[in-house]
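What follows is calculated from the coordinates using simple rules that are stated; it is not laboratory data. For clarity, every value in this text was computed on a predicted model and none was experimentally measured. All Cβ positions, glycine included, derive from the backbone under ideal geometry; neighbour counts span all protein chains shown.
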Ligand code: SF4
């Protein structure tokens, strides 16, 4: 699996930033990073109907990393050949170095709300020599219906990752500040997703407002939704970030004891699967559990993601322009 990396390193060694990254990180990495594609909002600026207390788009807004440079807003679909060509070039490169797994996520909005961008991604993907087929989408769960699921399946989405702040409908909606007309019963949405034939992943954004620290109860309640995969995600915060989102996370994050107890619980009750260097995987009651304490890839030297940001360029870090590849 390392051969494609080494081949590419030689090709691109004239670019100092790029080659340093490759030498430093990718050349020794056996597990291929995922590709995270930021799907922007369909309007101007932030247009998500939610206002999640821990919204990472708001939390990292201060960096201004890629604002105001996104190409497709300046012209109409599908005439923006420039964006298409840029995406194609970068996706081809990612395919060429062996990446296989694409995650569609939101940037200032829920990704399922920007159908035109998803169609554009699909056009570009299908134009690749070897289109990506392992595609997830991460969503807050609003506006999901059968029609939307059919569309997402048609562009190759296989896994629907539903991000929850609580397993209780009212608390989940409250923490996301979802407008009343878009609030949904979690169980029904999970059933609709499962009926459509795509796999369901529940991603629990662990916080002390939406969840009690009773681990066996939390595990059993999450199992009752019938997902194939369940992730316990530690929310990302920064020591000096003054944003309300960062402060909310620092106030309501579960303490270290919770995470130790969670790992102990799985160690005692589940089968451990050691197939991922970034997170801890377990198999319990016919369901895959993942404990992810490093969702922003800040603790590892290895690269967990290539991030195709909304300016159409590839980075390895969400908050650092120096992580630009090209
Ligand atoms: S759904 Fe996503 S973009 Fe919208 S507020 Fe929540 S975290 Fe932010």
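For segment 150-288, the square roots a ≥ b ≥ c of the C-alpha gyration tensor eigenvalues yield an a/c of 1.5 or more together with a/b not exceeding b/c, which makes the shape oblate. With a ≥ b ≥ c the root eigenvalues of the C-alpha gyration tensor of segment 152-226, is it rounded (a/c under 1.5), prolate (a/b larger than b/c) or oblate? Note, shape of segment 152-226 comes out oblate.
Take each peptide in 126-138, 219-231, count the other Cβ atoms within 10 Å of every residue, and average; sorted highest first, the result is 219-231, 126-138.
The fewest-to-most ranking of 93, 318 by surrounding Cβ atoms within 10 Å reads 93, 318. As a proxy for reagent exposure, 154, 54 were ordered by neighbouring Cβ count within 10 angstrom, fewest first; the result is 154, 54.
Dividing the Cα radius of gyration of segment 196-261 by its Kirkwood radius returns 1.04 for Rg/Rh.
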